[in-house]
Structures are given as C-alpha cells and as structure tokens.
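Peer 1: Next up is a structure, given as structure tokens.
The values are calculated or read from the model by the stated rules, or taken from the named source; none is laboratory data. Please read these numbers as outputs of a predicted model, since none were measured by experiment. Cβ placement follows ideal geometry from the backbone for every residue including glycine, while neighbour counts extend to all protein chains displayed. Just so you know, the surface numbers come from the protein's heavy atoms only, side chains and all, with ligands and any DNA or RNA stripped out. Shrake-Rupley method; radii C 1.70, N 1.55, O 1.52, S 1.80 Å.
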Amino acid sequence: MSRPLVMGILNVTPDSFSDGGALFSASSLNLDALCRVAETMVVAGASFLDIGGESTRPGALAVSEQEEMDRVLGAITCVKSRFDVEISLDSSSPNVMLAGAAAGVGLINDVRALGRDGAVEAAAKTGLPICLMHMQGDPLTMQQGPKYVDVVSEVTEFLEQRAAICSAAGIPRERLIFDPGFGFGKSPEHNFSLLKRLPEVAALGQPVLVGLSRKSMIASVIDRDTTQRMPASLALAVLAMTGGAHILRVHDVVETLDAVAMMTAFAEASL
Ligand code: 9MG
C-alpha cells in the first residue's frame, strides 16, 4: 500500500462530533441523504466507507446494542445494494460485528481494540480484517486530563498487547491494522507528539490507519468550528502520509484524494 487509501466517514448517529445528525431527520436515519453522501465518496474514489452507529465523540453516552444494530444494518444494506465499495463497520459490540459480517462488511473498525466482552471471539469468527485503535479511558471521560509518561511507547505497547491477544484467539497478524487513536484520551500535545512520531507506529509493521479529520487538536491551534476544519485536516493528512499512514479516515474524501494525488506525484518525481 504505497499510495494511502481513503476511508470516508458515514456516521449514522444523531450526535456525532463533527457532522452531528447530518443524516438524520425527525430522529430517524435518512437513507436518501446517506446514499447521496456515499455516492459522492464512492465517485471520488474512497476505498472504504466507515459506517458507525454509536457516537465516540468525547462525552458520548453508550447506545443500546439494538439501537446500534438497527442504525448500521439499514445503512449497510442500503450502501451495499447501490455501490461497489468496501464497507468498514465502526463498532465495538460483538453482536453488531457478527451481524455486520453477515451483511457483507469487509473490515471491522473498533475504537476499543476488541476490549468489550466477547469482541475478540466475535471478530475471530468473522474472519475479517480488524482495525485496533488505542484509547485511554472511555468516550464519556477520556478527555478529562489524559496522562502518559511517553505517549508513543504506551500506544505502541498497547497495540502490540492487543495483537498478541488477537493472535492467541486465532486472528493472525496479517489481518490487523493499527491506529494510534488521535483524540481518544489525548491532549493536543499528545496528539501532535504521536503525529510527529508516527513512523514509530508504522515501524510495528502493520498498516496504519489515522483519523485526524476535523479533530479538536485543530481547534487547539486555530479557532475553527468543526465545519471549518477541512484545510487544517488536509494539512494533518499530508503530515500523516509523510509519517507512513496507509489509510486516512476522513470526512472530506474529494479534497483528501486530491492531497493524496499530489503527494503521490511528488513521491514518484525524479530528482
Ligand atoms: C470511529 N472513529 C472516530 N475516530 C476514529 C479514529 O481516529 N480512528 C478510528 N479507527 N476510528 C475512529
């Protein structure tokens, strides 16, 4: 994967942090709106669409498994019936993972790195690639004074520990993607340090996924609300590519793919 792949974000939650409720009307999922956004991403060249039904923004409350299941299965079925694109399922719930796999998703993206009871076993059963993400704490409290001695070594050690647990459960390393979890129990300094030292995460040898799009580390530098963070998100995407990221999880697929094209042309130019 020398050219980074782009993963478009499709939050099917009424309360996500940056596009909160954009795909909801009268508190139910608007499948036409979902398909319009999905189509723009697919036509632009997104390699995956990441569908999630539980908000993981700081302070988010958990939803019931049934609620999450209803949200994501409707969206997966709808997107799969209309577009030829790989679907990534953003979920930490074992039963949602199993149902998503039966509905045809190609990747599981778990911000809790299969930490919920039964998640490792469920993920093993699906036979799918899994993205393991690092998070300190849980979404409700994770931004209340996160602390590390050395954020990068703590993140890399955690990812290796989770990979060992996966391996013991029959999930081979070849199926694992690592994600340092920007914004998940990290201060702006922790996030910038992780970005600067991303090559150390890439050196673990797994494909690296990063989610920097519209994150609050941007607002720690420039005063922009979430809808105004696209240019800064592109700058962070370029820095992540330079640091060895393989998959960019983003809201702005068209613009990110333009940045990827420029980086690729630069990398391939002769001296
Ligand atoms: C669901 N979700 C929100 N932010 C994310 C990030 O940075 N990485 C991954 N893997 N998933 C995320």
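Peer 1: Any idea how many residues of segment 164-193 are within 15 Å of the ligand (Cβ to nearest atom), among the hydrophobic types (A, V, I, L, M, F, W, C) and open to solvent by less than 20 Å² (accessible area, probe 1.4 Å)?
Peer 2: The number of residues fulfilling the criteria is 5.
Peer 1: Now, a different point. Restricting to segment 39-67, give me the number of residues that are part of a helix (DSSP H, G or I) and surrounded by 24 or more Cβ atoms within 10 Å (Cβ to Cβ).
Peer 2: The total comes to 1.
Peer 1: Does ILE108 meet the test of being outside any loop (DSSP other than H, G, I, E, B) and either in contact with a Ser or Thr (Cβ under 8 Å, 6 or more places away or on another chain) or without any contact (Cβ under 8 Å) to a residue 12 or more places away in the chain (or both)?
Peer 2: Yes.
Peer 1: Sticking with this one: With respect to GLY74, determine if the residue is modelled with pLDDT under 95 and either of a type outside the set (Val, Ile, Thr) or touching a Cys at 6+ places or on another chain (Cβ under 8 Å) (or both).
Peer 2: Criteria met by GLY74.
Peer 1: Another question, then. Looking for something within 30 Å of VAL43 (Cβ to Cβ) and touching a residue at least 40 places away in the same chain (Cβ under 8 Å) - is there at least one such residue anywhere in segment 187-195?
Peer 2: There is at least one residue in segment 187-195 that is within 30 Å of VAL43 (Cβ to Cβ) and touching a residue at least 40 places away in the same chain (Cβ under 8 Å).
Peer 1: Taking the conditions exactly as written (modelled with pLDDT under 95 and either away from the ligand (no atom under 15 Å from the Cβ) or of a type in the set (D, E, K, R) (or both)), does LYS196 satisfy them or not?
Peer 2: Here the answer is no, as LYS196 does not meet what is asked.
Peer 1: If I ask for residues that are open to solvent by 10 Å² or more (accessible area, probe 1.4 Å) and either part of a strand (DSSP E or B) or polar (S, T, N, Q) (or both), which ones from segment 69-98 would you list?
Peer 2: Answer for segment 69-98, where residues must be open to solvent by 10 Å² or more (accessible area, probe 1.4 Å) and either part of a strand (DSSP E or B) or polar (S, T, N, Q) (or both): THR77, SER81, GLU86, ASP90, ASN95.
Peer 1: Among the residues of segment 113-146, how many are part of a loop (DSSP other than H, G, I, E, B) and out of contact with any Leu (no Cβ under 9 Å at 6 or more places or on another chain)?
Peer 2: Matching residues across segment 113-146 total 15.
Peer 1: For segment 113-151, what are the residues that are within 16 Å of the ligand (Cβ to nearest atom), open to solvent by 20 Å² or more (accessible area, probe 1.4 Å) and more than 17 Å from ILE51 (Cβ to Cβ)?
Peer 2: Once the filter is applied, which keeps residues that are within 16 Å of the ligand (Cβ to nearest atom), open to solvent by 20 Å² or more (accessible area, probe 1.4 Å) and more than 17 Å from ILE51 (Cβ to Cβ), segment 113-151 yields GLY115, ARG116, MET135, GLN136, GLY137, ASP138, LEU140, GLN143, PRO146.
Peer 1: Here is a follow-up. Given GLY211, GLY243, which one is within 12 Å of the ligand (Cβ to nearest atom) and of a type in the set (Gly, Ala, Ser)?
Peer 2: Exactly one of GLY211, GLY243 is within 12 Å of the ligand (Cβ to nearest atom) and of a type in the set (Gly, Ala, Ser), namely GLY211.
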